[in-house]
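Heads up, the thing below is written out as structure tokens.
The values are calculated or read from the model by the stated rules, or taken from the named source; none is laboratory data. Remember, it's a predicted structure, so these values are computed and weren't measured experimentally. All Cβ positions, even for glycine, are placed from backbone atoms using ideal geometry, and neighbour counts span all protein chains on display.
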Amino acid sequence: MIHLSKRMQALANLVSSCKTFCDVGTDHGFLPIYLVQSETCERAIAMDLREGPLDRAKTHIAEFGLSGAIETRLSDGVAALSAGEADAVLIAGMGGNVTIHILTEGLDVCQQLKELILQPQSEIDEVRKYVFSQGFVLVSEDMVEEDGKFYPMMKLVHKSQLSEEEYKNLRTDESAPYTEAELLYGPMLLASHHPVLMKYLKKDLKREETILSKLPDLDEERILTRRKIVENKIQLLQELLK
């Protein structure tokens, strides 16, 4: 069995048993290999925008004897994936704006998935705003720390794939609009006081307190505005850590 990093293992754990899994931006191809080896999915499609990473993925897939179960495709986002072809799609390790671009360009494909798993490297609040505005519903969240970096991740499904009863049982941005804090840090992570998120919030609080202590004690409008922003952030973090 292939060994995954802590971040990759957490992503793999979010994938439900399925027939076909698709990894967008597969790079080395390790995640599709693991999911087929573990029999989480019957087959997988490993896609990447660049030929170099795709060639590396092909080599690794062949080394594990899985060329018959894992197909590789050169693709910009999900452009090379047909609607209904995969049950689950993973988009991880990319910036938030790139993630939103991929989702926007492939919205028809993503809306028909049984699950969509995202792990943006930045602008995660903007990603959350976008997916919720497009009718995606949050199913679960997780967060891990690896090598001093924090990685929040989420699993979603489009409301069109849910029965009326299933939809009612899940919180949505329509039934209870998400707060600014929930968009920033993750509604389920906050609700569960996820230990990794709590560690991140404490680290963030220390950083903001340091910034505040170093601001010059001047009455300039620019400094006063900056001070107010930092003080508000500190207050928010203190409330979330209660």
Seminar exercise, completed: Residue pairs qualifying under the 7 Å Cβ cut-off, at least six apart or on distinct chains, with the first in region 95-116 being touching a residue at least 60 places away in the same chain (Cβ under 8 Å) and the second being polar (S, T, N, Q), are Lys114/Gln161; Glu115/Ser16
For this session: Inspect region 111-126 for any residue being among the small types (Gly, Ala, Ser), part of a loop (DSSP other than H, G, I, E, B) and either at pLDDT below 95 or buried (at least 17 other Cβ atoms within 10 Å of the Cβ) (or both) and give the result as yes or no.
Result: no
Exercise. Right, Gly77: more than 25 Å from Gln112 (Cα to Cα), in the same structural domain as Leu156 (by TED's automatic domain parsing) and not in a helix (DSSP H, G or I) or not?
Worked result: no
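Give me a count of the residues in region 21-39 that are in a loop (DSSP other than H, G, I, E, B), in contact with a helix residue (DSSP H, G or I) (Cβ under 7 Å, 6 or more places away or on another chain), of a type in the set (Ser, Thr, Tyr) and surrounded by fewer than 23 Cβ atoms within 10 Å (Cβ to Cβ). Break it down into steps so the answer makes sense when it comes.
Of region 21-39, the ones in a loop (DSSP other than H, G, I, E, B) are 25-29, 38-39.
If we keep only those that are in contact with a helix residue (DSSP H, G or I) (Cβ under 7 Å, 6 or more places away or on another chain) as well, we get 26-29.
In the following step, the residues that additionally are of a type in the set (Ser, Thr, Tyr) were identified as 26.
Subsequent filtering for residues that are surrounded by fewer than 23 Cβ atoms within 10 Å (Cβ to Cβ) retains none.
The qualifying residues number 0.
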Seminar exercise, completed: Log entry, pairs with first residue in region 194-215 being hydrophobic (A, V, I, L, M, F, W, C), second being surrounded by 15 or more Cβ atoms within 10 Å (Cβ to Cβ) and in a helix (DSSP H, G or I), beta carbons closer than 6 Å, six or more apart or on different chains, reads Leu197/Leu189; Leu201/Leu237; Leu201/Leu240; Leu205/Leu237; Ile211/Val230; Leu212/Val230; Leu215/Arg227
Problem set entry | Residue ID - farthest from His101 (Cα to Cα), chosen from residues in region 40-74 that are within 23 Å of the chain's Cα centre (by Cα) and in a loop (DSSP other than H, G, I, E, B) | Thr40
Problem set entry | From the options Glu182, Glu146, residue that is closer than 23 Å to Ile229 by Cβ, modelled with pLDDT of 95 or more and either acidic (Asp, Glu) or outside the structural domain of Asp76 (by TED's automatic domain parsing) (or both) | Glu182
